[in-house]
1. Hey, can you tell me all the residues within region 556-570 that are of a type outside the set (A, V, I, L, M) and either surrounded by 17 or more Cβ atoms within 10 Å (Cβ to Cβ) or in a loop (DSSP other than H, G, I, E, B) (or both)?
2. Tell me, which residue of region 198-208 that is open to solvent by less than 90 Å² (accessible area, probe 1.4 Å) and not aliphatic (A, V, I, L, M) is farthest from P186 (Cα to Cα)?
3. Here are R497, R553, R491: which of them is out of contact with any helix residue (DSSP H, G or I) (no Cβ under 6 Å at 6 or more places or on another chain), modelled with pLDDT of 85 or more and open to solvent by 60 Å² or more (accessible area, probe 1.4 Å)?
4. Considering each of V676, V640, V670 in turn, give the residue that is among the hydrophobic types (A, V, I, L, M, F, W, C), crowded, with 22+ Cβ neighbours inside 10 Å, out of contact with any Gly (no Cβ under 9 Å at 6 or more places or on another chain) and in a helix (DSSP H, G or I).
5. When region 33-55 is examined, which residues are found to be surrounded by 16 or more Cβ atoms within 10 Å (Cβ to Cβ), in a loop (DSSP other than H, G, I, E, B) and modelled with pLDDT of 85 or more?
6. Output the number of residues of region 515-528 satisfying the condition of being surrounded by fewer than 16 Cβ atoms within 10 Å (Cβ to Cβ) and more than 19 Å from D541 (Cα to Cα).
7. Determine, yes or no, whether V646 is closer than 21 Å to S693 by Cβ and hydrophobic (A, V, I, L, M, F, W, C).
Amino acid sequence: MHHLFPARWTDWCLLALCCAWSAVVATAQSVRWESDGGTLAKGQVSTLDLVFEDCEPTKTAVPLPQVDGLSFGRPNESRSSTFSFGTGQGERRTGRVVLSYPVRLSTENPVSIPSFKVETNAGEMAVASASFDVGEATVARGVSLSEVTDARLEMPRRDVWAGEVFPVEYRVELQARLQPRLTGAPEWDSTPLLVDAWPEQPAVAEESRDGKSFISATYVTQACAPQSGAALAQPVRQGVALATSQDLYGRPVYSRFLVEAGATEVRVKERPPAPEGFCGAVGKFSLQSKVVPERVTVGEPITWALELSGKGNWPMVSALPPRSVSQDFETVQPRAKKMLAEGKLFEGRLSEDVVLIPTRPGRYTLGPAEVVVFDPEQGAYVTLKTEAVEVEVLAGAASAAALKNGEGKLPPSPDGGGNFALSGRVPELPEAIPGDPLALPVEGKMLLRAEALFWLIAVSAVWPLLLWLGLAWRRARLQDPLRPRREACCRLGQVLRELRTGVARNAPVEELRRGLLAWQRETAALWRLEGRTPTAAQLADAAWAALWAETERALYQKGTGVSEEWVQQAEVAWRKIRFPRLNPLRALAPRNLFPFLALVLLGFFSPGATWAAEEPPAVSPEQAYAAGDFVVAEKGWRAVLAERPVDWAARHNLSLALAQQGRWEEGAAVAVTALVQQPQDAAVRRQARLALSKAGYVPERLADLLEGKPTVAWAGSHAPREWQDFLWQNALVFAAGWAVVLLAVYYGGRRKWWGWLGAV
């Protein structure tokens with residue numbers, strides 16, 4: 001027992017030391033907010049720092065909790081390290097990563113960031129909560145933001161009708177002495193109003209008031225309220241930058257603020273009961289009618305186009321009232337086409353083209369067409385009316401032949417012109433209407449060349465690995481903790497060479513002084529001296545301290561200069577500097593290999609902007625097409641093709657949007673491209689045939705394919721890339737068959753059926 005006690009006492013001591021060391025290490029690694037409390041100014045962009053002590057996040061973007069009234073921007077990252085060198089023990093690094101988030105407070109209530117967890121290279125760590133009070137934004141000491149800025153949202157003071165389009169003006173005034181700048185478009189949640197987009201550039205003016213000069217920016221747009229009652233327009237916020245101080249060179253230093261215009265209420269009156277024929281249009285409109293042709297034979301189509309145009313509540317207008325025609329016409333009424341002015345929500349036109357197929361001869365009257373709209377200026381409903389058009393339908397050749405052979409009689413024509421016989425064949429309707437868009441995405445395949453396929457496989461297997469290793473080695477060099485000192489050491493050697501040359505040729509004093517200042521600057525970077533004006537006392541090495549002191553005397557004491565002996569001593573001290581060589585195997589460290597994917601993903605984001613503003617969801621091209629906004633649909637499908645050039649369905653849909661705008665030549669070119677990618681699809685073939693017929697040209701090699709001739713029908717059963725895949729797959733099977741035949745010849749023995757299998 002006497003001999004066991006010392007051993008147990010030693011074990012307990014070692015265990016206590018290990019626990020204490022583990023507690024110290026665990027305490028050193030932490031993630032926290034630099035400030036866990038205080039005050040944030042409403043409307044002013046502040047900064048909150050998330051500090052990683054002796055660890056770093058494993059994800060490119062740290063997931064932060066959602067906080068009502070507090071918006072986080074894209075952070076700036078900064079890193080710092082502390083090194084300690086020991087004899088025979090290598091170096092120990094203590095790192096610090098700081099993510100500086102620009103934050104913007106938009107509420108008058110205190111906010112609290114709840115605690116959350118972060119994935120780091122040292123494991124999952126918890127971040128404590130932080131609470132902040134709300135303060136008033138200040139431009140300078142004693143000067144609040146409200147004293148130098150003013151913002152107003154102006155609506156009509158009178159009552160407006162439901163659906164009436166009225167002007168909206170947003171005006172922000174800033175004191176000119178602060179050299180103001182706008183940092184983006186106004187931010188406004190226009191619900192429950194429908195609003196045009198703000199103009200890209202406001203009207204800027206300068207005016208004086210109470211002895212102070214102000215710069216005003218005015219945005220003017222249009223809006224309408226779909227429903228009656230009190231409509232509360234939400235506040236408008238405008239980001240601005242104001243010069244709040246100056247740097248050492250007298251240049252202005254800007255701070256970012258958020259100016260807010262208060263909510264405004266609009267009183268919306270309910271319209272009187274609508275009469276029959278009201279299409280929902282409110283505003284100033286005009287109605288036009290056109291019938292082409294006015295003289296046809298039985299079975300030939302007549303197009304009756306009706307177009308409503310003007311300024312009004314177009315988002316709430318989708319169709320025109322139905323028109324009345326004689327029962328002697330077969331009618332085809334396509335979907336209405338709504339075209340809005342570029343960038344406008346309340347200016348456009350709505351057209352409906354009805355195709356009429358006469359089934360008997362005679363004279364017929366089309367129209368007049370009537371549309372009821374509401375005029376806000378008059379406060380009453382107005383009926384828009386077009387002139388009636390008379391068309392003449394003649395008997396065709398088939399009708400005359402049937403009458404001559406006595407193949408039946410028909411009742412008299414409307415004009416009493418006698419009896420006419422018609423053939424029993426129902427006329428075939430022309431393909432004059434673009435179809436519906438196809439669902440996306442539908443990826444096609446690009447054509448491949450045989451030699452390109454071979455080299456693509458070979459190169460693809462090698463160069464990504466080499467590129468990956470090269471990027472990993474580059475990252476290892478950039479992340480080298482001694483990199484700043486290595487670079488400073490290289491620059492210091494160049495400075496010494498220039499000083500030696502200057503002393504040898506007896507250079508002017510000013511040139512030598514610049515060289516000595518450069519030597520001090522690079523020496524401070526080499527030995528990591530802190531402060532704007534380091535001293536010789538900060539240098540631990542006596543030789544370097546003496547050189548620094550000699551430099552101070554040469555720079556600031558009259559009658560002294562740079563001697564050749566000082567240059568020799570500086571070069572000797574410089575040559576004694578040794579850094580550990582960078583181990584090439586560091587490139588294989590996980591932190592250097594895996595960030596390659598992160599670097600690729602970062603290329604898709606803009607590195608210039610710090611603030612990540614939330615953008616409202618865009619309307620899909622399918623929704624725009626269904627709503628009749630073919631210009632927006634065209635832009636949407638062009639954007640899809642920019643990302644996926646082989647999406648044949650997007651090309652087909654783009655051709656539909658171009659056709660709806662009457663741009664048949666462009667639509668035909670796009671339709672042919674979709675046809676080449678997917679010739680077996682019925683909708684694609686139909687649109688290509690229609691677009692080419694409207695454009696007036698058909699490529700010679702596609703004529704037989706579009707006509708469906710049996711001699712080329714097999715070619716259109718598959719896409720060109722599918723024929724290529726069929727070719728190389730059959731070549732592979734052919735080669736495998738020969739291999740089986742050879743194996744049967746050499747090793748078949750009694751298994752002669754191998755040869756027959758290979759031949760098959």
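The values are calculated or read from the model by the stated rules, or taken from the named source; none is laboratory data. These figures come from a predicted structure and were not determined experimentally. So basically every Cβ, Gly included, is an ideal-geometry build from the backbone, and we count neighbours across all protein chains shown. We work out accessible area using only protein heavy atoms, side chains counted, and drop any ligands, DNA or RNA first. Shrake-Rupley method; radii C 1.70, N 1.55, O 1.52, S 1.80 Å.
1. Across region 556-570, the qualifying residues are Q557, K558, G559, T560, G561, S563, W566.
2. Step one: list which residues in region 198-208 are open to solvent by less than 90 Å² (accessible area, probe 1.4 Å), which gives 198-199, 202-203, 205, 207.
Those still in the list that are not aliphatic (A, V, I, L, M) too: 198-199, 202, 207.
Details: W198: 8, P199: 10, P202: 10, E207: 22 Å.
The selected residue is E207.
3. R497
4. On the way: V676 fails: crowded, with 22+ Cβ neighbours inside 10 Å; V640 fails: crowded, with 22+ Cβ neighbours inside 10 Å.
On inspection, the qualifying residue turns out to be V670.
5. If the condition is that a residue be surrounded by 16 or more Cβ atoms within 10 Å (Cβ to Cβ), in a loop (DSSP other than H, G, I, E, B) and modelled with pLDDT of 85 or more, then D54, C55 are the ones that fit.
6. Residues flagged as surrounded by fewer than 16 Cβ atoms within 10 Å (Cβ to Cβ) and more than 19 Å from D541 (Cα to Cα) within region 515-528 amount to 1.
7. The answer is no for V646.
To keep it simple, each residue is scored yes or no on (1) among the charged types (D, E, K, R); (2) in a loop (DSSP other than H, G, I, E, B); (3) over 17 Å from Q660 (Cβ atoms); (4) without any contact (Cβ under 8 Å) to a residue 60 or more places away in the chain.
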residue: G310; (1), (2), (3), (4): no, no, yes, yes
residue: R323; (1), (2), (3), (4): yes, yes, yes, yes
residue: S326; (1), (2), (3), (4): no, yes, yes, no
residue: R360; (1), (2), (3), (4): yes, yes, yes, no
residue: Q378; (1), (2), (3), (4): no, yes, yes, yes
residue: V382; (1), (2), (3), (4): no, no, yes, yes
residue: V391; (1), (2), (3), (4): no, no, yes, no
